[in-house]
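Every number here is computed from the coordinates shown, using simple stated rules; none is lab data. As the structure is a computational prediction, the values presented were derived from the model and not from experiment. Reconstructed Cβ throughout: ideal geometry from the backbone, glycine too, with neighbour counts over all protein chains shown.
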């Protein structure tokens, strides 16, 4: 997987990559109105159960993106997708709190821009 765009976690003893894809971004926008509203929604959930539901949903979405990409490239041996129920059974609330950092890292890496400056041509450089 493209480690420049992903973050790694372990769920139930198995490693997973969290990756922000265009598809995941569309799903997040549909649910929250955009990436910019995501942090506010997670921090201001009305109650603990809703906050857990949102983290589980987001964790499942991002982990499944890496699985879907692998399945696209390896159609002969597709992996099963995670369900929210799987994530709930294989994690504890303490795990979910630790995964928030990986979610943030995956979101940051997925939206990061690599800006490169062009070298100035000699005609634009004053000589003298």
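A few notes on this one:
- The C-beta contact set for the range 52-71 (first residue without any contact (Cβ under 8 Å) to a residue 40 or more places away in the chain, second residue buried (at least 18 other Cβ atoms within 10 Å of the Cβ) and in a helix (DSSP H, G or I), distance under 8 angstrom, 6+ apart or interchain) comprises 60/87; 61/24; 61/28.
- Verdict on residue 98 being touching a strand residue (DSSP E or B) at 6+ places or on another chain (Cβ under 9 Å) and crowded, with 20+ Cβ neighbours inside 10 Å: no
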